[in-house]
Amino acid sequence: NAGVTQTPKFQVLKTGQSMTLQCAQDMNHNSMYWYRQDPGMGLRLIYYSASEGTTDKGEVPNGYNVSRLNKREFSLRLESAAPSQTSVYFCASSPRTVYEQYFGPGTRLTVT
Amino acid sequence: TQLLEQSPQFLSIQEGENLTVYCNSSSVFSSLQWYRQEPGEGPVLLVTVVTGGEVKKLKRLTFQFGDARKDSSLHITAAQPGDTGLYLCAANAGGTSYGKLTFGQGTILTVHP
């Protein structure tokens with residue numbers, strides 16, 4: 001089992017460019033999440049999907065969109081990147097929506 | 001939005017010393033988790049506590065959930081260099097917050113040989 005995989009690992013964008021971060025899990029988990037991690041601020045929830053076919057906003061959803069493509073895949077899209085979106089992005093999955101979450105290795109994004 | 005305050009933010013100690021990291025909030029939580037994160041990797045779950053007053057042990061790590069389910073602590077006995085990393089607490093409020101975890105800002109632990 002690969003667990004949670006994320007692509008790409010690193011990305012540099014110019015302001016205004018768009019991109020999609022990909023996430024997949026092979027643990028048959030129902031719930032998936034996208035977080036961003038900034039120095040001194042822990043992890044902040046961007047969007048989550050409690051089950052296939054549903055998505056909900058988290059703490060910091062502005063500037064992002066998500067798609068739960070199927071049970072395995074949950075993508076995060078930046079339509080018009082801004083320097084404030086420079087961060088490390090983590091995808092996570094959970095067998096339930098309350099308890100333990102399993103994280104991917106992260107995508108380090110820089111917007112210039 | 002529920003806030004989780006972790007203290008201290010940084011901790012630098014020598015191998016063999018004991019340490020405690022705290023996670024506090026004014027909100028009541030249905031469950032609380034501790035994660036450990038190494039540089040360049042995602043967080044890895046250490047423990048979940050769900051009952052007020054609960055104590056769990058994982059080798060040299062002892063986790064406690066406060067009686068009122070508003071706070072938690074992580075105690076490491078005889079720290080080793082391999083314990084170095086970022087420790088994060090995370091909590092779920094339940095109810096309408098079902099499915100959402102709130103994370104503390106983290107404690108960066110460095111254990112020197």
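The values are calculated or read from the model by the stated rules, or taken from the named source; none is laboratory data. Being a predicted model, the structure only gives us computed values, none of them experimental. Neighbour counts are summed over all protein chains in view; Cβ atoms, including those assigned to glycine, are modelled from backbone coordinates with ideal geometry.
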Would you call A:Ala92 small (Gly, Ala, Ser) and either in a strand (DSSP E or B) or touching a Cys at 6+ places or on another chain (Cβ under 8 Å) (or both)? yes
Can you tell me which residues in region A:35-57 are of a type outside the set (S, T, N, Q) and either modelled with pLDDT of 90 or more or not in a loop (DSSP other than H, G, I, E, B) (or both)? A:Tyr35, A:Arg36, A:Asp38, A:Leu43, A:Arg44, A:Leu45, A:Ile46, A:Tyr47, A:Tyr48, A:Asp56, A:Lys57
Report every pair of residues separated by at least 6 positions or lying on different chains whose Cβ atoms are under 6 Å apart, first residue within region A:28-46 and in contact (Cβ under 8 Å) with a residue 60 or more places away in the chain, second among the small types (Gly, Ala, Ser). A:His29/A:Ser93; A:His29/A:Ser94; A:Asn30/A:Ser51; A:Ser31/A:Ala50; A:Ser31/A:Ser94; A:Met32/A:Ser49; A:Met32/A:Ser93; A:Tyr33/A:Ala92
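Conditions tested, residue by residue: (1) within 10 Å of chain B (Cβ to nearest Cβ); (2) surrounded by fewer than 16 Cβ atoms within 10 Å (Cβ to Cβ); (3) closer than 16 Å to A:Ala92 by Cβ.
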| site | (1), (2), (3) |
| --- | --- |
| A:Asn1 | no, yes, yes |
| A:Gln6 | yes, no, yes |
| A:Gln17 | no, yes, no |
| A:Thr20 | no, yes, no |
| A:Gln25 | no, no, yes |
| A:Met32 | no, no, yes |
| A:Tyr35 | yes, no, yes |
| A:Asp38 | yes, yes, no |
| A:Arg77 | no, yes, no |
Matching residues, region A:88-111, being under 13 Å from the mean Cα position of the chain (by Cα), more than 14 Å from every other protein chain (Cβ to nearest Cβ) and hydroxyl-bearing (Ser, Thr, Tyr): none
Among the residues of region A:33-83, write down those that are aliphatic (A, V, I, L, M) and within 18 Å of A:Arg108 (Cβ to Cβ). A:Met41, A:Leu43, A:Ile46, A:Val60, A:Leu76, A:Leu78, A:Ala81, A:Ala82
